[in-house]
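This report refers to the structure that appears directly beneath it.
The values are calculated or read from the model by the stated rules, or taken from the named source; none is laboratory data. Being a predicted model, the structure only gives us computed values, none of them experimental. Glycine also receives a Cβ, built like all others from the backbone with ideal geometry; neighbour counts cover every protein chain displayed. What goes into the accessible areas is simple: the full protein's heavy atoms, side chains included, and nothing from ligands, DNA or RNA. Shrake-Rupley method; radii C 1.70, N 1.55, O 1.52, S 1.80 Å.
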Amino acid sequence: MKIKSSLMISATAMAILATSCVGTKKYQALQADYSSLQGRMNAIGQENADCQSNLSSANVKIAGLQDQLRAERANAQNLQASAQSLQAALDKCLTSTSQGNVNISKLVDEINSSNKYIQQLVNSKNKSDSLNMVLTNNLTRSLSREEMKDVDVQVLKGVVYISLSDNMLYKSGSYEISDKANETLSKIAKIIMDYKDFEVLIEGNTDNVPISKPNIRNNWDLSALRASSVVQALQNTFGVDPKRLTAGGRGEYNPIASNDTPDGKAKNRRTQIIITPKLDQFMELIDKAPEPDSTVTPPATTN
């Protein structure tokens, strides 16, 4: 306001001087003062605009800092609550420590007893795995290269699987044992008889092509009849104890390959001889397990 008033006074003075016929030099000096004042007014106006902008920016920063301050205060409250909860849990643990220490020796006894049982199971499994490997090696060594094309021998989870193709065992669409199968079955029978502590399951499988025979209703019948034929051959021809043998049929419902191709169907038309340790051996192992100490009290637990 002061600057504007000065400018107005100067302008008025210049006008008076002009009407009063002041000298040219004096007029020019006044004109120069006016221009200088005008420049200062413009600079001050710019400074004022800059100050307004800086003030707005500062207000935004202040608002952001206030939000951060509120968040930090809330976080501090949460941390304080967590610290109180942890302290309470620690107090509870310290309170129960003495009771837990009383039962540690009893817990150690239980662990030692369990370890003995586990070691028995491990030793039994190792023995079973070793027997299975010997059985498998003996069987594969006894079979010729030509026979191995139709026989697949695998050990899965402690069980020996001998898979025989239907081309080798049976006549097409029939459950009668073919003549060429007898030599292979005789070798398998010898292995079975050498390992008398194993049970033998004969499992028949087919592809999904329906069977059309007057005396065979469906693939269930065909698979079961084929398994029964192998069981009877092992019993009657090769002298395997029938008490160790079980015959079962799974029809087309246990495929190992797709039935969309001839090769897949051929793989599914198979008879499996499954050799497993007798169940009573495992039951005997369980019976020999260490008896738990009924006087042992489980350690106290905290939630």
Accessible area of Thr95 in the full protein assembly, 1.4 Å probe (Å², nearest 10): 110
Two-site FRET efficiency, Ser35 against Ser56, from Cβ-Cβ distance with R₀ of 25 Å, rounded to 0.05: 0.15
Ala63 versus Asn138: modelled label distance in nm, points set 7 Å from Cα along the beta carbon direction: 9.0
With all protein chains modelled, accessible area of Lys106 [1.4 Å, Å²]: 70
Accessible surface ranking that places the most exposed of Glu203, Glu110 first, with a 1.4 angstrom probe: Glu110, Glu203
Above-threshold pairs, the threshold being 18 Å between Cα atoms, out of Lys213/Lys267; Lys149/Lys180; Lys171/Lys213; Lys180/Lys243; Lys190/Lys265; Lys171/Lys267: Lys213/Lys267; Lys180/Lys243; Lys190/Lys265
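Using a Förster radius of 22 Å, what is the FRET efficiency between Thr261 and Arg145 based on their Cβ-Cβ separation? Nearest 0.05, please.
Values: r = 26 Å, r/R0 = 1.17.
So, using R0 = 22 Å, E works out to roughly 0.30.
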Per-selection metrics, the stretch 133-258 (Cα): Rg and Dmax in Å: 14.4, 44
Computed accessible area, Ser212, all protein chains, 1.4 angstrom probe, square angstrom: 100
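Over the stretch 196-256, average the accessible area per residue using a 1.4 Å probe and give it in Å², no decimals. Before the final figure, lay out the partial values.
Working: 3260 Å² over 61 residues.
Roughly 53 Å² per residue, with all protein chains present.
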